[in-house]
Each structure stands twice: as C-alpha cells, then as structure tokens.
Amino acid sequence: MKTAISVEDDLLQEADRTARDMGISRSRLFSLAVRDFLSERRQREVLEQLNRVYDGQPDPLAFKMKAKFRTVVQDKW
C-alpha cells in the first residue's frame, strides 16, 4: 500500500544510505523498521503486563500448581 509520510531530512538521508548499503529499497527498509519497532513494543507491553501480574508477593495457589506440575513432569520423565 502506498502512503505519504513526513520524515526529517537527515533521517531520510541516513535511511537512503542504509537501504542502498543493504541492497534494499527505501520502502522495504521503512517496512522492516516499523515491523521491528512494533514487535519490540508488543514485547515490552507483555513484559509490563507480566510485571504487574507478578508484582508483590507470590500467590500461594501458584506455588501449589507449580509443585503439582513439577510432580507430573518428573513422573513422565
């Protein structure tokens, strides 16, 4: 899909040099960069959610579940 965006001159020049060095188009470079940015952002959001869930004292039920799981795994192996 084509779109028009505004990019700072120095950033565009560096992007052009990088794309040329990599042997890809400027569009491909921007697509890769946005994909990587969004992936890292999703990972950061998941980490923040996990940190909120596990912040503070561990849940006693989680310990029981972990112990039960450990027994099941040991029995299987």
Looking across segment 1-32 at residues that are aliphatic (A, V, I, L, M) and surrounded by fewer than 10 Cβ atoms within 10 Å (Cβ to Cβ), the single one that is farthest from the chain's Cα centre (by Cα) is Ala4
Given Arg70, Arg44, Arg35, which one is surrounded by 10 or more Cβ atoms within 10 Å (Cβ to Cβ), at pLDDT below 95 and within 15 Å of the chain's Cα centre (by Cα)?
Arg44
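The values are calculated or read from the model by the stated rules, or taken from the named source; none is laboratory data. What you are looking at is a predicted structure, and each value in this text was computed from that prediction instead of being measured. A quick note on method: Cβ atoms are made from the backbone with ideal geometry, for glycine too, and the neighbour counts reach across all protein chains shown.
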